[in-house]
Every structure is written in structure tokens, then in C-alpha cells.
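Peer 1: Below is one structure. I have some questions about it.
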Amino acid sequence: MIRPLAEWYDLRDIGNAVGALLEQIEDWGAPEWVPYVVSGVIGVLAILLWTVISVLAFIWIERRVVGLMQNRIGPNRVGPSGLLQPVADALKLLFKEPVTTHNADRVLFWLAPVVIFIPTIVVFAVIPFGERMVLADLNVGVLFLIAIGSINTIAVFMAGWSSNNKYALIGAMRTIAMLISYELIQVLVLLAAVLFAGSMRLGDIVAWQQDYGVWLLFLQPLGLLGYVIAGAVEMNRSPTDIAEAESEIVAGYHTEYGGIKFGFFYQAEYLAGFAIAAVIVTLYMGGWTLWGVEEWVPGWLIFLAKLYGVFFIYIWSRGTLPRLRIDQLMAFAWKFLLPLALVNVLVVGGEMLLWQEADLSSGEALPLFGVINALLAVALIGGWAWFLGQLRPERVAHRAILTQEVGAIYYGEAAADL
Amino acid sequence: MARRPRTSDGRYQSAECRVPSARCSNLLRRAGAKRLMDDTGTIIAFWVLAAITVGAALGVVAVRNLIHAVVFLILSFVGVAGLYITLSADFVAVTQILIYAGAVSVLILFAIVLTPRGDRGNQETFLRLPALLLALLVAFTLGYVAIDTNWAISDRKGFEETASVIGEALLDKYVLPFEIASVLLLVAMLGAIVLVRPEATMEETGE
Amino acid sequence: MSVDLEHYLIVGAVLFSIGLYLALAKRNFVGVLMGIELMFNAVNLTFVAFSRFVESPNPLDGHVFVVFVITVAAAEAATALALAVLLYRVRDTIDVDRIDLLKW
Amino acid sequence: MTIKSEPFVVNLGPQHPSTHGVFRLRLTLDGERIIDADMVMGYLHRSMEKLAEERTYTQNIPFTDRTDYLAAMTGNLAYVIAVEKLCGIEAPERAQWLRTIMCELQRIASHCVAVGIFANDCGAWQTPVMHMLRDREKVLDLFEMACGARLTLNYMRIGGVSRDVPPEFMPAALKFVREMPKKLDEYEDLMLENEIIVARSRGVGTLTPEQAIAHSVSGPMLRASGVAWDIRKADPYAAYGKVDFAIAVGTNGDVYDRFVVRLAEMKQSLRILEQGLEMMPEGPVHAQLPTATVQPIDQPVAPLAIRPPVGEAYGRIESPRGELGFYIVSDGSPAPFRFHIRSPSYINLTPLKLMSVGATVADAIVILGSVDIIVGEVDR
């Protein structure tokens, strides 16, 4: 029999509708695997559709926004306000001849764009878009995110190695070195977040933030900082776009790719960005919750709004910041972020112990921890940066000396201060 | 805002408690909840994953290009991770991907790239035939033991949650091995660094 | 038809012997290492399979073992590959046939 | 990277996003570290010097637009100064001032590109350069008022300038001079203290004054190494002797100092412009050329050609890139017998290997950007 319509009403969460559909299918007496397959197919299709639309939209948004930042107009010819520019670009990429470099390792060259696409899209399976809009709410979700992120490395190496191009190889080696270093930072900062929430399931972490009415970002400013930077590294955004540093190694590991194969890399890059933003939103910004507003507004709208907001920060940084050098970025990971992340984990561990042993109520404990962690973040970042700055006294900004004396030599003298 | 009851150890109860599991589209939990591994999905998954794993391993043996061999090796690692998932060992599966597919394979790739004049081929030595015989013998023996032994099969369901149990075991029952493992990792890291530092090499090898 | 312990054990056995063959027969040092890694994987698979199927008071101990094995394997891989790089630097080859200083 | 790897040869260019034209840098790398750097030039060689020997002195002026195409005014001026020296012509007062003003405007425009592209080479994806180009456009608007062209200006003439500036030029120039300092302050705020720019450029590509002098480096590169040398002061031409300005010098000779020196020089240029716009007298903008040199009798081929007396002359000015000199030998015919350009881009490139060996690939790009080459001038 058909279920009452009342159960279909709640479209705030598409998970409800899907759940009702699944029960309906079970009621019809279908074999057990049918709802299982149907839910999987619906989830996969929804995620694919969403990613394609989002990527196309954000290509346009990024180009317009960066255009505004750069005193130019940006695409405005194709469609109203250039809205169809990404579609035109995609069509162009589709119809381009797929060129393979001479002496390239053909198999790997063709495989790399596919392989890079898989981990970037699989990440979304564990992201809770709404209360029950999650394809596979793994109980090791956080670990899964990190593990899947590490597979990117392989695809990048395959692309760089197989292209038979030196820029590509340099880009690939840079990517691998960077990703491995920053994976460690990611693990450590996410570990601190997991310590707070007491679960690696992303849904539980969101629920924890909803229950206590606090975003983890207030409790974990250091962790958020670490993750935002590590995320920028993973998605190759400025100031850490070293792997495809345009002014240095042309386009890094995908220098030799054209046509739709390049399109795959391009889309994977945006998807990686969305994935990072989604993780930040889920872990640090309360996911689909917004202090009760989610009762009235669909949770997935809140989630997407937050996600796009976080992604905008990365667009902004791309339009603003210069690029670090690879050794500086590695030094930043190992000398700056790693000690801070370790201290952060230690402090969070101590706080959780305190919470349980001293039997504090959440109303007492969380504000206390928030203040402690915020102060600690400021003190640690400032102090450690000051300390590291002492080791490199020459790295200060200054002005030029102005002189009238022709032929004098000022080399090595104290420069004019700012 | 609804506060969920906290358990005795200060944690709140998981979201699972309020969501009826039948309506949850969680692939893994559904798979893990099966009593015996006899549903079609698991059987198909097992055979496909086993084929991928073994086929990729054979690929490692067969291909002539070392880089391709590494790619097959990674595929094999991922296949093993999939097999772990069919065994409802999600933590181990994810760890497998993280460590093997993400880290060890990258180390291998690094080793290949850092030895540029080395052989990029994947040939066998003259020990090929004895090795093949020995490997077949081992495979036969292990397979025979596996089939012939009367294992004490339990009728337990798949594990619901492995990560927390493993974590507790690591920090409680196996805390000493855990610490030793961490020291081992540290030593390995230091060892690797010391080995490849150019200055150290020059002194030690007397060049 | 169902999937039982034996299925996993046989996959593990096949994987182990492939790894063994690789470790014994490959000329390239890196190939040997790949074989060793495959053997580790086979053993881990067996552990997890036992832990899933076999009667035990602490069934998840198998997983704990696997975690330790993975740790050791990672340490081993790092050290061995460092050795490979070192060997290459000193001897200019990573062909195990030609690394025969200890052979008399 | 301490792990030694095989030397690895990478060709930066001739097709590369940041070689500023068709310039090729062959780097031998050990990992990311540069162990050898080799410059391969000539991809933009247009045989300017030889072509000029076939054309009359006036016809050669457009060539000087096209050597350093980002600073056509200074190219023009250096050439006409050399010819004027050869002929013994003195340009009238107003022309001298106009030349000064135009050259300083050109310096601002050129440094805008140099600083913006430098930030681009540091990886600031297009934003600084687009902002800098906005300000350069204003200078180009002024040029368009003065001579009708924006890039290849062909404004200077032997004995003066091609025409007087129109009446709307002065207010527009004054407006520019009033507005530009604010923009420059903004750029200094945004870029001078930018942590990443400082990290990328301090201590990179260092050149000591001894090395700089030994390599005949000139211009902002030399001044960044701490040598207070500026031809505008050392050997004043046009109206530079009458204006008050300072030489901006660095103290470390690294990439950062070159960038800082250029920023400071733009401010000094504005100072000169301010004085120049105020002090410029009325009067003719072109000297009457000696009739003997313009009246052809036995050469019907070039009826109105200037024919300097037999001799040689070297005219030099401080172009935005350094000492730009034209060495001209005359045999009394309407075309130069020998025409040689001492192009600062080319000579400033000579210590490139010295600066980049030991640095990383990323540094090499920044160093190349800090030299501020114009390949049209390198290859001529």
C-alpha cells in the first residue's frame, strides 16, 4: 500500500524523502538489496549533479570575483553576465583533440585524470549535507577523509611521471612532498577535533556541535588554522599553489594535458576545494546546523551556504596572496604548524580529562575551554612566530635609503625603517 | 534545542540512537549488520575484490615497467582494503588505504625516482624457477591448511564499531606494544634520515 | 552460496605466495620490497579474516595485531627504501644480482 | 633537499609564462636546487643595429621605440642625445623640460610593470600587476595626448621633441602627479611588508657592489647593491641638472632591495615631475637644425637627411632599466656608419648565473623578474 503523504512532507531534509521511499520499497516486498541499491544510486546521482553544478557555478563566480579584485570585468560575453562561460569552456574542452605527448607513458597518462577524479568525488560520500543526507556515514569518517586525500598523491605522480615533461615531473614531486607533510598536520588537527566530539563519525561531530550549541571553531582556533592551511595545500590554492606554480613550472603536473583530460584535473581541483570546505564546515562550523535555524530552513541550504562561504575565502586568497617557495612551505609545516598541532592535541586531551574528572557541566567547561584555547592560540602563534622570526633577523621589510651623494656605497649599512 | 543524554563517561550518545536504522542509507552498517555473509552484495563484492587483489598482484609480477608494477601494487592494496570492508573491519580498511596506498606506495615511488640510473625494468633474477616452485609450494600448503582445518567458526555478526574497541585495546591491554611501536617508528624515521644524509654517507663509507 | 573464512584464507595464501615469488625472484631492489609489502598484506588479510569468523573472547584483537603489523611494515618500508637510496648512491645500482659484496 | 639526485636540465623558455618574452634559461637542477644556469638569447633578434646603418638618422628613431618597448621615451632620448652630441645641436629649454617630464613619466610606467610583474613572479596571481597596469594606463593616456601613440611613441626628435604638448596635457599631468602618491603608498602598504614577498625575496639573488660593478650592472640593480650611481646625477642630461631629487639605494643587493628601490624611484620621479611641470618655460620645442646638415646637395636619395660631421658620439641616459647608451659613428653620410646600443637589460643579465646558482627554481624566476629584462632590448 502507499504510505500516507504526511511522511513525504518534510523536504527540508532530502534524506527523509529518500528514507520514506526506501521504506515504501521494502513495504512492496522487494528483496533486501533493492532499497540498498536505490539509496546508493540516488545518493551518488545527487552528489554528482551537485558537484557538476557547483563547479560550473564556481568557475564563473571565481572568474568574476577575481576579475573584480583585479580591476577587470571577467567573462561577460557568453550568456547573461557571462553565466554560460563555464558551459562554453566545458564544451570547448570536450571537443578538443586529446593530445598525448611524444614518448609519454600512454597507459598512465590516460589513467591519471580518472584516478585523480575518484578520491575527490568519493570524499563527499561521508559528508553530511543534512541531518540524514549522507551517503555512507562511516564511523571512521574522519580517518576516511584523510585516507582518501592521500590517494591524490598517486594520481598526481602518475600524471607528472607519465607526461614525459620536466615541468610536470617537478610539479609532481613538489605535490607529493607537500601533500605528505601536510597530511600529518591534517591528521593532528582533526585528531584534536575528534577528541572533543568523541567520535570519528562526521554526523556525530555535527550532532555534538548542535547539542552543545557551539561550533568547534570556537574551541579549536588552532586546529581550524592548521586545517585551513593544510586544505589550501591539498587543493593547490594560493599561497601554496606550488605544485602548479604558473610562473615557475607552467602548470605543474598537468602541463601536458589538454582537452577533457585537463578538464578532469580542473574539475578535480574544484572538487578538492569543495571537499576541504565541506570538511571545515562539518567539523568546525556546525555542518548543517545553525543554532536552531535548521528547524525552519533546510539543513542542506545552511550547509551549502557555509560551504560556499568557506570556499570563497580560498578564492579571495587566490586573488590576493603571493606564493611561498617549496622549502619555505615545508619548513612552515614542520617547524611551525607541527609543534602547534602537537601542543593543541595535548591541550585538548588535558581539557577532556579535566571535563570528565572534575565533573564540570558543559555550560562551565565549554566557555572555559574556548577562552583557554583562544588565548593559547594567540599566545602560541604569536610566540612561536616571534621565536622563529628571531632565527631569521634578516627577514624584515625596509625602505630604500635616499641619498644625494653620487658614487657612495651603502652596501651592508642599516636600511631605512618603514 | 534538544539535549541528548550523556553517557556515564561524559560523552553524549551517538546520533544513531534517534535515527531508525532501517531508514538510514548507510551502506556499511547495512552490510555489517548481516548475520552471515551470504547476501548477494557481499558475495559479489568478495569475488570482485578478490579478483582485483590477486589480479593486480599478478600484474606486479608480470608487467615489465617498474612504475606500472607500483600502480598494480597500489591497486592490490586497495583491493585488500575492500576485502577488509567486506569483513566489516572499517578502521583497518581505512588505515590500509592511508598507510599502504597513501604512504608506502609513495615511498616506493620516491625510491624509484631517487635512483634514476637504476633499472626501470621489472625482470627476474636467475632464481626465477626455484622461487616459482617455492611460491607454489607455499600457496599449496597454506591453501591445504586453510581448507583442511576445522576452524572454530563463530556465528557472530559483523562488528558494529571497531575503531573505539581497537583504540581501547591499544591504550589498555596492548599499551606496551603500542609504545614500543611508536619508538620503532621514531627509530625508523631517524634511521631513514641518517641513512640518506649525504654528509653522513661520505664519512661512513669512507669515500 | 556464501563467503566463508576459507575464501579469505585462500586469497591470503595466493597473495602471500605472489609476494614471496616477487621477493625471491625480482632483480630490482624495489621489486623485492614490493613483494615483502604484499606478504604483509596477505598476513593482515588473514588476521582480519580470523578475527571476523573465528570464535574468540576478544575478536578485535586480530585488528589490533593488524594495526601493529601495518606500523612495523611502514617503518620497514621507510628504512628499506632509505637503504635502497643509499645503496644506489654508493654502488650506483639497485640490482640485487650485483649487490654481492657478502657473497664469497 | 639534501638528497642528491641526478642533474636534471630544465629549459625555462623560450615558451614559458614568466620569461618576459622569448628568453630561454637553461637550468641544471639537483632536485630544486640550481647547479648551473645558462642563458640562451637571440630569439627576438631583429638586427636593429645593422638595420639602422641603412637608414637616416631621423628614420632610426622608431627603432629605438622598439628595443625597449616598455620605455620608448628613454630609448628615443638616448638616441637623439647621441645624435645631438654628434651634430653639436642643443635642444631648446622647453624641449629639455618636456624630455625630462616624459622620461620620468616613462620611468613610472616602466617601474609599474616591473614591480607588478615581480609580484606576479612571486606568485601573486595577476592582481598586483593588474593594479599596476591601471596606473600605467594613466601615463599612457598622457603620452597619447602628447604624441598620439601609447606604446611606440616616437616623440623625441633630433634637436627637440616632435611637437609641443596640447593645452589639456598640463592639468592632466598635474592630476596624475597629485593622485599617484596615494596609489604608491597603497602599494607600499600592501607589498613592502607582505610576509610572503619578504620571505621570497630577502637574501635571494644577492649581488655585492663589487660583483655588480664587475659585471657592469647599472640602474636599479646597481643601486640595490648599495652603489649610489645614477646618470641623471652623475652626468646630467635634459633638465635633470635643475631639479632636486634623491638617488634611492638599497643595502643588501638582493631581490627585495631591487623591488624597494624601484618603488622609491617612482616616488622620486613624481618629485621630478612636480618640479618639472612647475618650472617648464614657454618657448619653442625644436631647435633650428644647422642648415648645412639638412641641405642635401649631392645625395638626392635622402633629400632632407641630417648629415652629421665625421666622428663618433656616445649618448647615455638613465633608462628605467639602467644605463642606456647609443654609440654612433658617422662617416658624413645620411646614415650612421656604426650604430651600437648599450642595452641595460642585456648587460644586467650577465650576473644571472652568479645570482641563481645555489638558489631554487622558484628563486630563479624571481631573480629574473627582478632584473626586469625586456627581451626586445636584450636581443635587439
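Peer 1: With farther than 24 Å from C:Val30 by Cα, at the interface with chain A (Cβ under 9 Å from one of its Cβ atoms) and of a type in the set (Gly, Ala, Ser) as the only criterion, which of B:Ala93, B:Ala89 stands out?
Peer 2: Only one candidate qualifies: B:Ala93.
Peer 1: Kindly provide the set of residues from the stretch C:74-104 that are more than 7 Å from chain B (Cβ to nearest Cβ) and modelled with pLDDT of 75 or more, ordered by number.
Peer 2: C:Glu76, C:Ala80, C:Leu87
Peer 1: Just to be sure before I move on: is D:Arg163 more than 9 Å from chain A (Cβ to nearest Cβ), more than 20 Å from the chain's Cα centre (by Cα) and without any contact (Cβ under 8 Å) to a residue 12 or more places away in the chain in the structure I sent? Give the steps one after another, and end with the answer.
Peer 2: Working: more than 9 Å from chain A (Cβ to nearest Cβ): yes; more than 20 Å from the chain's Cα centre (by Cα): yes; without any contact (Cβ under 8 Å) to a residue 12 or more places away in the chain: no.
Spelling it out, it is not the case that D:Arg163 is more than 9 Å from chain A (Cβ to nearest Cβ), more than 20 Å from the chain's Cα centre (by Cα) and without any contact (Cβ under 8 Å) to a residue 12 or more places away in the chain.
Peer 1: Same structure, new question: Quick check: is even one residue across the stretch D:228-235 aliphatic (A, V, I, L, M) and without any contact (Cβ under 8 Å) to a residue 12 or more places away in the chain?
Peer 2: Yes.
Peer 1: Please determine whether any residue of the stretch B:115-137 is out of contact with any Lys or Arg (no Cβ under 9 Å at 6 or more places or on another chain), among the charged types (D, E, K, R) and away from chain A (no Cβ under 14 Å).
Peer 2: yes
Peer 1: Considering only the stretch A:348-380, state which residues are among the charged types (D, E, K, R) and at pLDDT 80 or above.
Peer 2: Selection gives A:Glu351, A:Glu357.
Peer 1: Can you pull out the residues in the stretch B:43-61 that are β-branched (Val, Ile, Thr) and more than 7 Å from chain C (Cβ to nearest Cβ)?
Peer 2: Residues satisfying the conditions are B:Ile44, B:Val48, B:Ile52.
Peer 1: For B:Val78, only one of the following conditions fails: (1) within 26 Å of C:Val54 (Cβ to Cβ); (2) surrounded by 24 or more Cβ atoms within 10 Å (Cβ to Cβ); (3) of a type in the set (A, V, I, L, M); (4) within 14 Å of chain A (Cβ to nearest Cβ). What is its number?
Peer 2: (2)
Peer 1: Quick check, is A:Gly383 part of a helix (DSSP H, G or I), at pLDDT below 80 and more than 26 Å from the chain's Cα centre (by Cα)?
Peer 2: No; evaluated as a whole, the condition is false for this residue.
Peer 1: List the number of the failed condition for B:Lys173; all other conditions in (1) of a type outside the set (Val, Ile, Thr); (2) part of a helix (DSSP H, G or I); (3) out of contact with any strand residue (DSSP E or B) (no Cβ under 8 Å at 6 or more places or on another chain); (4) over 30 Å from B:Asp39 (Cα atoms) hold.
Peer 2: Failing condition for B:Lys173: (2).
Peer 1: Now, a different point. Quick one: which helices (runs of 4 or more DSSP H) lie wholly within the stretch A:200-283 and hold at least 1 residues that are touching a strand residue (DSSP E or B) at 6+ places or on another chain (Cβ under 9 Å), buried (at least 23 other Cβ atoms within 10 Å of the Cβ) and aliphatic (A, V, I, L, M)?
Peer 2: Qualifying helices (runs of 4 or more DSSP H): A:202-212, A:246-249.
Peer 1: Sticking with this structure for a sec: For the stretch A:312-329, what are the residues that are closer than 30 Å to D:Glu32 by Cβ and in a helix (DSSP H, G or I)?
Peer 2: Correct list: A:Ile313, A:Tyr314, A:Ile315, A:Trp316, A:Ser317, A:Arg318, A:Gly319, A:Thr320, A:Ile326, A:Asp327, A:Gln328, A:Leu329.
Peer 1: So, one more: Consider C:Leu45 against the criteria (1) modelled with pLDDT of 85 or more; (2) more than 17 Å from C:Asp4 (Cα to Cα): it satisfies all of them except one. Which criterion is unmet?
Peer 2: Failing condition for C:Leu45: (2).
Peer 1: Oh, and also: Could you please give the count of residues in the stretch B:146-172 that are more than 7 Å from every other protein chain (Cβ to nearest Cβ) and out of contact with any helix residue (DSSP H, G or I) (no Cβ under 8 Å at 6 or more places or on another chain)?
Peer 2: Number of matching residues: 8.
Residues are listed down the side, and each one gets a yes or a no for (1) polar (S, T, N, Q); (2) at pLDDT 85 or above; (3) assigned to a helix (DSSP H, G or I):
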| position | (1), (2), (3) |
| --- | --- |
| C:Ser2 | yes, no, no |
| C:Val14 | no, yes, yes |
| C:Leu38 | no, yes, yes |
| C:Asn41 | yes, yes, yes |
| C:Arg52 | no, no, yes |
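Peer 1: Among the helices (runs of 4 or more DSSP H) contained in the stretch B:42-154, which hold 1 or more residues that are under 26 Å from A:Phe144 (Cβ atoms)? Even if it seems obvious, please write down each step before you answer.
Peer 2: Working: elements: B:66-86, B:90-96, B:105-113, B:128-148.
Filter on the stretch B:42-154 gives B:66-86, B:90-96, B:105-113.
Peer 1: For D:Ser201, only one of the following conditions fails: (1) farther than 30 Å from D:Arg33 by Cβ; (2) touching a residue at least 40 places away in the same chain (Cβ under 8 Å). What is its number?
Peer 2: (1)
Peer 1: Run D:Asp121 past the list (1) more than 13 Å from chain A (Cβ to nearest Cβ); (2) farther than 13 Å from D:Pro320 by Cβ and report the number of the one that doesn't hold.
Peer 2: Status for D:Asp121: all satisfied but (1).
Peer 1: Inspect all residues belonging to the stretch C:19-26 and state whether any of them is within 16 Å of the chain's Cα centre (by Cα) and outside any helix (DSSP H, G or I).
Peer 2: Looking through the stretch C:19-26, at least one residue is within 16 Å of the chain's Cα centre (by Cα) and outside any helix (DSSP H, G or I).
Peer 1: Answer yes if at least one residue in the stretch A:170-187 is hydroxyl-bearing (Ser, Thr, Tyr), under 30 Å from A:His102 (Cα atoms) and touching a helix residue (DSSP H, G or I) at 6+ places or on another chain (Cβ under 6 Å), and no otherwise.
Peer 2: yes
Peer 1: Can you name every residue in the stretch A:135-188 that is within 23 Å of A:Phe265 (Cβ to Cβ), at the interface with another protein chain (Cβ under 7 Å from one of its Cβ atoms) and either of a type in the set (S, T, N, Q) or not in a helix (DSSP H, G or I) (or both)?
Peer 2: Matches in the stretch A:135-188: A:Ser150, A:Thr153.
Peer 1: Here is a follow-up. Does the stretch A:157-180 hold any residues that are closer than 26 Å to A:Leu138 by Cβ and among the small types (Gly, Ala, Ser), and which are they?
Peer 2: Matches in the stretch A:157-180: none.
Peer 1: I would also like to ask the following. Can you find, within the stretch D:244-271, the residue that is nearest to the other protein chains (Cβ to nearest Cβ) among those that are of a type in the set (S, T, N, Q) and in a helix (DSSP H, G or I)?
Peer 2: D:Gln268
Peer 1: Give the residues of the stretch B:118-162 that are buried (at least 16 other Cβ atoms within 10 Å of the Cβ) and modelled with pLDDT of 80 or more, sorted by residue number.
Peer 2: Correct list: B:Ala131, B:Leu132, B:Leu134, B:Ala135, B:Val138, B:Ala139, B:Leu142, B:Gly143, B:Ala146.
Peer 1: Take the residues in the stretch D:324-380 that are in a loop (DSSP other than H, G, I, E, B) and small (Gly, Ala, Ser); name whichever of them is nearest to the other protein chains (Cβ to nearest Cβ).
Peer 2: Result: D:Ala359.
Peer 1: Can you tell me which residue within the stretch D:219-252, out of those that are at pLDDT 85 or above and on the phi > 0 side of the Ramachandran plot, is surrounded by the most Cβ atoms within 10 Å (Cβ to Cβ)?
Peer 2: This residue is D:Gly219.
Peer 1: Could you say whether any residue in the stretch C:47-66 is facing chain B (nearest Cβ under 7 Å), closer than 20 Å to B:Val60 by Cβ and surrounded by 21 or more Cβ atoms within 10 Å (Cβ to Cβ)?
Peer 2: So far as the stretch C:47-66 goes, no, none of its residues is facing chain B (nearest Cβ under 7 Å), closer than 20 Å to B:Val60 by Cβ and surrounded by 21 or more Cβ atoms within 10 Å (Cβ to Cβ).
The values are calculated or read from the model by the stated rules, or taken from the named source; none is laboratory data. Treat the numbers as computed from the prediction; the structure is a model and nothing was measured. Note: ideal-geometry Cβ built from the backbone for every residue, glycine included; neighbour counts use all protein chains shown.
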